[in-house]
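Quick one: the structure is below, and I'll ask about it shortly.
The values are calculated or read from the model by the stated rules, or taken from the named source; none is laboratory data. These numbers were taken from a predicted model, which means no experiment stands behind them. Using ideal geometry, Cβ is built from the backbone for each residue, glycine included, and neighbour counts are taken over all protein chains shown. Side chains are part of the model used for accessible areas, which takes the heavy atoms of the whole protein and leaves out ligands, DNA and RNA. Shrake-Rupley method; radii C 1.70, N 1.55, O 1.52, S 1.80 Å.
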Amino acid sequence: MRNAFLLTFCAFTLPAATVIKCGSLLDVRKGELIPNVTIVVENGSIVGVNVPAPAGAEVIDLSHGTCMPGLMDVHDHLTMEPTQSGYESLGVSVPRQAVAGVKNARLTLRAGFTTVRNVGASGYSDVALRDGINAGEVEGPRLFVSGPALGITGGHCDQNLLAPEFKFRDEGVADGPWAARTKVREVIKFGANVIKVCASGGVLSKGDSPGAPQYTLEELTVIAEEAHKLGRKVAAHAHGTQSIKDAIRAGIDSIEHSSLIDDEGIALAKQHGTFLVFDIYNDDYILQEGAKVGMLPESIEKEKAIGKLQRTNFRKAYLAGARMAFGTDGGVYPHGDNAKQFATMAEWGMKRLEAIRTATVEAAALVGLEGKAGVIEPHYLADVIAVDGNPLEDARVMMRVKFVMKEGKVYRNDWAQGKP
């Protein structure tokens, strides 16, 4: 009798399947837009495409939309805001950043980004955000987080806005090979599942040049070695030509920004299979809005000097066949606008399908989700979004996300709510 009761109870509590009816489905592997596709989802995973619907399944009607895999942004700063730039940043506490992260995680998920790599956050606020999302307490994307970025004393990832008497250094600062190795161990101890390192100077920091090397080849090699030994990948902030090549030779997994990459750097990236991440949209925001939100005048001038070069080198690297993943530097511009970069990528020569691939199958390979996310196929995570229009004809369609599902749970469905 007791066993019969348990069987009956289980039958009523097993999660029901969901059937998504898509007007069309973008197959990101084949580059085809397939009409009238059904996706069957169960227990957070895709169990079939164009297969018979299970009895009693919930039906989601997306017949007006184009379905595709959930998007990924591999370079984001969810706990940061563009309005907290320059000297304004000094008044923002770590708890306040964590609160902003909750808001921004929701905005980013609702914009269609179901996976995000957060590369740099104070006080392990991104670790707390990831853990809150995983616990179901906070709505947001699946997160890979770095905690504090590693950097040299006085470098791009140090705090250079305070006078000497404050004697302040950022929590990720580590000089020399053994200090850098120890810092990798420390951030992993406190929850990082990716390592962020600042190999060159930057745009939004005070007193340094984007093209100037900061970490040495020896230090970068040690960082990559230690991270890989402990099962983590490494992302290197590198605008400068030499720093890009040093980071690739060191075995680092992705080059962030890649602004001043040269032909040798592109060839090295291809040889080593290193991902290049070009954040080419935010140049528009920095030049149009940066001064209004408090970015330093020297940062605006640095962006004027480097922005067009970055876009030119993006096109050169793409045409040369370098491997790329989609990253936008969210937090430099307002969160939720991540998909604006697709149009910029198309403007600078990348085919629309290939731009989408950088945010799906290519990004999945970089973050370690290859075979688990990035396509709509059986046994993959049920990360499904739908847009209003054909993204292969107009890249701006990527900003018209109307439906978002992450691991089988619906977070947005404008059509069901009668929204245009």
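For the modelled label position 7 Å from the Cα of F166 along Cα-to-Cβ, which residues of segment 204-219 have backbone nitrogen atoms closer than 20 Å?
What the label zone holds, given the 20 Å backbone N cut-off, is 204-209.
May I pose another question? How much length, in nm to one decimal, is gained on full extension between E225 and T312, taken as 0.36 nm per residue of separation minus their Cα-Cα distance?
28.1 nm is the gain from fully extending E225 to T312.
Simple spin-label model, 7 Å along Cα-to-Cβ: D131 to E301 in nm?
In this crude spin-label approximation the distance works out to 4.3 nm.
Quote the relative contact order of segment 29-137 in percent (integer), defining contacts as alpha-carbon pairs under 8 Å separated by 6+ residues.
Relative contact order here is 26 percent.
Would you kindly calculate the translational diffusion coefficient of segment 274-413, applying Stokes-Einstein with the Kirkwood radius from alpha carbon pairs, for 20 °C and a viscosity of 1.002 mPa s, and quote it in µm² s⁻¹ without decimals?
Reported coefficient: 132 µm²/s.
Right, another one. Mind checking which of P210, V234, V222 is farthest towards the positive end of segment 209-248's charge dipole, using Cβ charges of +1 (Lys, Arg) and -1 (Asp, Glu) about the Cα centre?
V234
Then there's this: Amide H of H75: which non-local residues (sequence gap of 5 or more, or other chain) have their own amide H closer than 5 Å, using H built in the peptide plane?
Close amide H contacts, sequence-distant or interchain: R117, T328, D329.
Give me the lysines in straight-line cross-link reach of K245: C-alpha distance below 19 Å, same-chain residues under 8 apart excluded.
Partners within reach: K196, K233, K270, K316.
What does the charge add up to near T344, with Lys and Arg as +1, Asp and Glu as -1, over the other residues with Cβ less than 15 Å from its Cβ?
So the surrounding residues net to -3.
Spin-label point model (7 Å from Cα, Cβ direction): what's the R185 to L392 distance in nm?
5.2
So how strong a dipole does segment 325-387 carry about its Cα centre when Lys and Arg Cβ are +1 and Asp and Glu Cβ are -1, to the nearest 20 debye?
100
Another one. Please work out how much length the chain gains when fully extended from K21 to A212, using 0.36 nm per residue of separation minus the C-alpha to C-alpha distance, in nm with one decimal.
63.6 nm
Now, a different point. Please tell me which of these pairs span more than 30 angstrom C-alpha to C-alpha: K372/K402; K189/K406; K229/K302?
From the list (K372/K402; K189/K406; K229/K302), the Cα-Cα distance tops 30 Å for K229/K302.
Further question on the same structure: So I have (i) 199; (ii) 142; (iii) 151, and one of them is volume of the Cα convex hull per residue in Å³ calculated from this model. Which one is it?
(iii)
Which order do the peptides 64-75, 371-382, 96-107, 189-200 take when ranked by the mean count of other beta-carbon atoms within 10 Å per residue, highest first?
Highest-to-lowest ranking by the protection proxy: 64-75, 189-200, 96-107, 371-382.
Can I get the semi-axes of segment 57-180's equivalent ellipsoid? Compute them from the C-alpha gyration tensor as square roots of 5 times the eigenvalues, in angstrom, largest first.
Largest first, segment 57-180 gives 34, 15, 13 Å.
Count charges around A320 for me, please; just the other residues with Cβ under 9 Å from its Cβ, Lys/Arg as +1, Asp/Glu as -1.
Summing Lys/Arg as +1 and Asp/Glu as -1 gives +1.
Using a 10 Å cut-off on Cβ atoms, rank the peptides 86-95, 313-322, 350-359 from the highest mean neighbour count down.
Listed from highest to lowest mean packing, they are 350-359, 313-322, 86-95.
Hey, another quick one. V92 to V51: FRET efficiency via 1/(1 + (r/R0)^6), r the Cβ-Cβ distance, R0 60 Å, to the nearest 0.05?
So the FRET efficiency works out to roughly 0.75.
Another one. Per the helix-only calculation at 222 nm, which mean residue ellipticity applies to the chain, given -39500 (n - 2.57) for every DSSP H run of n ≥ 4 and division by its residues, nearest 500 deg cm²/dmol?
-10000 deg cm²/dmol
Whenever you get a sec, compute what percent of the accessible area on segment 326-370 sits on carbon and sulfur atoms (1.4 Å probe).
43
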